[in-house]
1. Find the Rg to Rh ratio for the chain, where Rh is the Kirkwood radius over alpha-carbon pairs and Rg uses the same atoms.
2. Provide the per residue accessible area, probe 1.4 Å, for the range 21-70, rounded to a whole number of square angstrom.
3. By average Cβ neighbour count within 10 Å, what is the ranking of 54-64, 12-22, 31-41 from highest down?
4. Considering only protein heavy atoms and a probe of 1.4 Å, how much of the accessible area of the chain is carbon and sulfur, as a whole percent?
Amino acid sequence: RHLNLSSQCYKPDCGTEDNMTLYRIVDEDGDSRGYDTAMRVMVEQLEAAGARLFFNHELTAIIRPAGAASTCLGEASPMHLSFGNGALVEARSVLLNIPRSEIKRL
């Protein structure tokens with residue numbers, strides 16, 4: 001909603017999969033715009049606001065420190081993101097715009 005992109009249910013009947021209702025970003029004709037659409041729009045907005053972005057870093061793990069709160073939306077407990085190049089970053093929120101198979105791998 002903050003990106004001003006149209007979406008619709010992923011399944012025609014808006015049914016659930018893995019106990020979730022899935023949505024996809026669509027164009028004005030209801031055709032899928034692809035996984036990269038939200039990320040491209042966010043990158044444009046972040047760069048316009050002066051953010052620094054680093055590309056080509058493979059996320060290998062998401063680590064929640066011992067004693068950290070659950071992963072409920074809106075909570076601010078930090079997590080650590082581990083990357084293939086050895087970098088470790090602390091983040092309070094993360095958007096993963098990757099296929100479910102890759103999310104499950106993490």
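1. Details: Rg = 16.0 Å, Rh = 16.2 Å.
Looking at the chain, the ratio lands at 0.98.
2. 75
3. Details: 54-64: 11.4, 12-22: 9.1, 31-41: 13.5.
Descending mean neighbour count gives 31-41, 54-64, 12-22.
4. On the way: 4230 of 8190 Å².
Accessible surface attributable to carbon and sulfur in the chain totals 52 percent.
The values are calculated or read from the model by the stated rules, or taken from the named source; none is laboratory data. The shown structure was predicted, so the numbers you read here are calculated from the model rather than taken from an experiment. Neighbour counts are summed over all protein chains in view; Cβ atoms, including those assigned to glycine, are modelled from backbone coordinates with ideal geometry. SASA here: full protein model, heavy atoms, side chains in, ligands and nucleic acids out. Shrake-Rupley method; radii C 1.70, N 1.55, O 1.52, S 1.80 Å.
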